[in-house]
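Only the coordinates and a few stated rules stand behind these numbers; no lab work does. Only a predicted model underlies this, so the values are computations on that prediction, with no experimental measurement involved. Cβ placement follows ideal geometry from the backbone for every residue including glycine, while neighbour counts extend to all protein chains displayed.
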Amino acid sequence: MLSKKIRLQAADSLYHADTGRSRIAQLSQTYEGIELADAYAIQQLWLERRVKEGARLVGRKIGLTSRAMQMASNFTEPDYGYLTDDMLIADGTQIEAARYMAPRIEVELAFIMGEDLQGAGCQVHDVMRATEFVTPALELIAYRTQTPRAIVDTIADNAAAGAMVMGGRLIRPFDLDVRWVGATLSKNGMIEESGVSAAVMGHPAAGIAWLVNKLSLHGSGLKKGQIVLGGSFTRPVGVAAGDVIAADYGPLGSLGVRFV
């Protein structure tokens, strides 16, 4: 377990790596004995600094929702990070690729909360009842640390969250079976990935229920109006300057961005 001073030092390192667009050494190699609790505490300290400097917390992201990704990370449950207002990118935007380190894109669903949701024992039906809208979304993931990374490195690094894009149709959560939303992800006109939302823990709301239960351990939860990225149902696709990305969700519409 790390001291508060060391946690602050680690959070500052990640902050400067992000703003300076450079990678730092893995925290697991820099700070001997770092634990999961330290990693989430570092993530929170980083968020608090960003909020103090003007960013606004708008939601959360969930990662490692697929069994394959958990096995690759030697971890047995999802992880989570934060979303701030300056991480939201409009559909159709041109994105500066150099702003992010080794950026990759994932296909997800975003849940927009219609009411507060907090407390232990949260279930999928609680999430569905508290959700106002579901919409297609892309997550841009990026690393502020070098690789290979231990799970504590990923968590401290805001669960690799870089930015997110929302687009397509807004739907109410019971207007269709959200387990069977399908999507294709194309890069430069070629389909690179496809998937279905049930790949996220059997139900895309399951990860959000997990998140609410985890946040309850810290006396917090989700607030009305917040956005939650429920987890990817495709593998991440690497992008670089010049790439055009498009995701087609069929009846739910499409969204896309261009990297410059």
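If you go through the range 185-200 and keep only what is assigned to a strand (DSSP E or B) and either without any contact (Cβ under 8 Å) to a residue 24 or more places away in the chain or within 19 Å of Tyr80 (Cα to Cα) (or both), you end up with Met190, Ile191. Contact map, the range 24-37: first residue more than 12 Å from Ala10 (Cα to Cα), second residue surrounded by fewer than 15 Cβ atoms within 10 Å (Cβ to Cβ) and of a type outside the set (D, E, K, R), Cβ cut-off under 6 Å, separation 6 or more or different chains; pairs are Glu35/Met1.
For the range 155-184, filtered to residues that are assigned to a helix (DSSP H, G or I) and of a type in the set (Val, Ile, Thr), the residue that is nearest to Thr145 (Cα to Cα) is Ile155.
Residues in the range 206-260 that are β-branched (Val, Ile, Thr) and outside any loop (DSSP other than H, G, I, E, B) were compared, and the one that is surrounded by the most Cβ atoms within 10 Å (Cβ to Cβ) is Ile208. Against the test of being among the aliphatic types (A, V, I, L, M) and more than 17 Å from the chain's Cα centre (by Cα), the options Val134, Val152, Val127, Val107 yield a single qualifying residue, Val127. Every condition in (1) under 30 Å from Tyr31 (Cβ atoms); (2) of a type outside the set (A, V, I, L, M); (3) more than 19 Å from the chain's Cα centre (by Cα) holds for Asn158 except the one numbered (3). In the range 125-132, is there at least one residue being surrounded by fewer than 16 Cβ atoms within 10 Å (Cβ to Cβ), in a helix (DSSP H, G or I) and free of Cβ contacts under 8 Å to residues at least 60 places away in the same chain? Within the range 125-132, one or more residues are surrounded by fewer than 16 Cβ atoms within 10 Å (Cβ to Cβ), in a helix (DSSP H, G or I) and free of Cβ contacts under 8 Å to residues at least 60 places away in the same chain.
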